[in-house]
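Please treat every number below as a calculation from the coordinates, not as lab data. Treat the numbers as computed from the prediction; the structure is a model and nothing was measured. Note that we place each Cβ from the backbone using ideal geometry, even for glycine, and neighbour counts take in every protein chain shown.
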Amino acid sequence: MSKRADRVTVDLSSYPDLVVIYLGMRVNALRGFGTLLGFGPKISKSVDDRPDGLLKHETILYSLRHLGMRQYWRDYDALERWARSEPHAAWWRQFLRDSGGTGFWHEAYFMRGGMEAVYVDMPVANGFRSFAPTLPARGPLFSARQRAKLSGAPTAAAPVGDDTAGS
């Protein structure tokens, strides 16, 4: 006897400013495996510290050389505040100086509408980049807030400037 599927949904009305962000790091060179594996404990600790606004963190295995995560944030300001604070800001500055044989990307989706993405040293087109034209992430496209066309001032200074963010 078959059982009817248990189909449910969720009430997100308490999360009007919800942001879902997918992130990934891909190994591009042999030394990238060390870089990728070195980030695991750092990410785990930062999640265990329960940053304000982080509702959920999930790890994703895209392939043996491409790991990622999906995070749910209460609002963009909480995500931006965390991303521009330590230790994340230091990780980002280091990565932009030397990607350690890896590539990085993120795509963010906003409950109130809109999406934005950035790809750094990603030789394989994934996500939006697999079908949409690419543009340099410079000037008005430098920060996630600007790419998503979100109003309001940044919650903190960017960890790197447009002129120091690599090519």
(request) Please enumerate the residues belonging to the range 114-123 that are crowded, with 17+ Cβ neighbours inside 10 Å and touching a helix residue (DSSP H, G or I) at 6+ places or on another chain (Cβ under 8 Å). (result) E116, A117, V118, Y119, V120, M122
(message) Let me spell it out: the conditions are (1) polar (S, T, N, Q); (2) in contact with a strand residue (DSSP E or B) (Cβ under 6 Å, 6 or more places away or on another chain); (3) assigned to a helix (DSSP H, G or I), and T59 meets all of them except one. Which number is the exception?
(response) (3)
(request) Pick out the one residue from F104, F33, F95 that is surrounded by 13 or more Cβ atoms within 10 Å (Cβ to Cβ) and either touching a helix residue (DSSP H, G or I) at 6+ places or on another chain (Cβ under 7 Å) or part of a loop (DSSP other than H, G, I, E, B) (or both). (result) F104
(request) Given the conditions (1) in contact (Cβ under 8 Å) with a residue 60 or more places away in the chain; (2) over 28 Å from V124 (Cβ atoms); (3) surrounded by fewer than 17 Cβ atoms within 10 Å (Cβ to Cβ); (4) of a type outside the set (G, A, S), report the number of the one that L55 does not fulfil. (result) (1)
(request) State all residues of the range 70-96 that are in contact (Cβ under 8 Å) with a residue 40 or more places away in the chain and farther than 17 Å from L150 by Cα; if no residue qualifies, say none. (result) R70, Q71, Y72, S85, P87, H88, A89, A90, W91, W92, R93, L96
(request) Consider only pairs whose beta carbons are under 6 Å apart and that are at least six residues apart or on different chains; among these, list those whose first residue lies in the range 109-124 and is under 18 Å from F142 (Cβ atoms) and whose second residue is of a type in the set (S, T, Y) and part of a strand (DSSP E or B). (result) M115/Y109
(message) Checking M111 against (1) of a type outside the set (S, T, N, Q); (2) touching a Pro at 6+ places or on another chain (Cβ under 9 Å); (3) over 17 Å from P154 (Cα atoms); (4) buried (at least 17 other Cβ atoms within 10 Å of the Cβ): exactly one of these is not met. Which one?
(response) (4)
